[in-house]
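**Q** I'd like to ask some things about the structure below.
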Amino acid sequence: MDKIQWTKDYETGIDRIDFQHRSLVNILNDLISVPNLEASQRHLVLDVTMDALLKYTVYHFESEEKFMKDANYPKIVEHIKEHEALKKTAIEFVSRFQKGERDIEKQIIQFLRNWLLNHIGKSDMDYVPYVMKIQDAQGF
């Protein structure tokens, strides 16, 4: 699987969110590299990297949701439901992996890759005008 190449298409114009999105992509790219490692290293690296990705994702979602709340984004409830669904699915994958289901690593990586790119490219771009409006009003 090819690593994700960051492009301007993924940029929201909100510096903090763009930095966090780039960080998520970098961690995901670390996961994409995992299948190239030897089996003895692969499981440990996948476990540690998945943990880092989950923790950073929770942090990012909290930041993003605060921006949306401050901007009175009208679709915040739906957006938060997307976040919750990802967290639930990711936790299920991690649990299966930790219980010894080692053959799902490519499935985990593919799911996260598709979800992240679709979420940034569609759902996140939808709230950008609302956040930009309050940032412009506040002089950011």
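Here, each number is a calculation from the coordinates, and none is a lab measurement. Keep in mind it's a predicted model, so treat the numbers as computed, not measured. We place every Cβ from the backbone using ideal geometry, glycine too, and count neighbours over all the protein chains shown.
**Q** Within the chain, which is the longest segment containing none of the GluC sites (Glu not before Pro) that sit in a DSSP loop and have at most 15 other Cβ atoms within 10 Å? List each step's numbers first, then the result.
**A** Details: sites that count: E38, E101.
Result, exposed sites excluded: 39-100.
**Q** 222 nm [θ] for the chain, helices only, -39500 (n - 2.57) per DSSP H run of 4+, per residue, to 500?
**A** Values: 5 runs with 102 residues, N = 140.
Only helices count here, giving -25000 deg cm²/dmol.
**Q** Relative contact order, percent, of the chain when contacts are C-alpha pairs under 8 Å separated by at least 6 residues?
**A** Working: 84 pairs, mean separation 45.9, N = 140.
Here the relative contact order equals 33 percent.
**Q** Further question: So for the chain, what percent of the C-alpha to C-alpha distances run longer than 19 Å?
**A** Values: 5039 of 9730 pairs.
Counting pairs separated by more than 19 Å, the tail of P(r) holds 52 percent.
**Q** Is there a quick way to get the dipole size of the stretch 11-138? I mean about its Cα centre, with the Cβ of Lys and Arg at +1 and of Asp and Glu at -1; what is the value in debye to the nearest 20? Present the calculation step by step, with values, prior to reporting the outcome.
**A** Numbers: 17 positive and 21 negative charges, 47 e Å.
Charge dipole of the stretch 11-138: 220 debye, to the nearest 20.
**Q** Please work out how much length the chain gains when fully extended from E62 to V48, using 0.36 nm per residue of separation minus the C-alpha to C-alpha distance, in nm with one decimal.
**A** Extra length from E62 to V48 when fully extended: 2.9 nm.
**Q** What do you get for trypsin sites (Lys or Arg not before Pro) in the stretch 32-140 restricted to DSSP loop and a cutoff of at most 12 other Cβ within 10 Å of the site's Cβ?
**A** Working: sites: R42, K55, K66, K69, K75, K81, K87, K88, R96, K99, R102, K106, R113, K122, K133; in loops: K75, K99.
Those satisfying the criteria are K99.
**Q** Please give, to one decimal in nm, the separation of the simple spin-label points placed at K3 and N36, each 7 Å out from Cα toward the Cβ.
**A** It works out to 0.7 nm between the two label points.
**Q** Could you compute the FRET efficiency for N26 and S95, with r as their C-beta to C-beta distance and R0 at 35 Å, rounded to 0.05?
**A** 0.90
**Q** Say the cut-off is 25 Å between C-alpha atoms; which of K8/K122; K81/K122; K99/K122 go over it? Spell out each step's value before the answer.
**A** Values: K8/K122 14 Å; K81/K122 15 Å; K99/K122 34 Å.
Going by Cα-Cα distance, K99/K122 fall outside the 25 Å limit.
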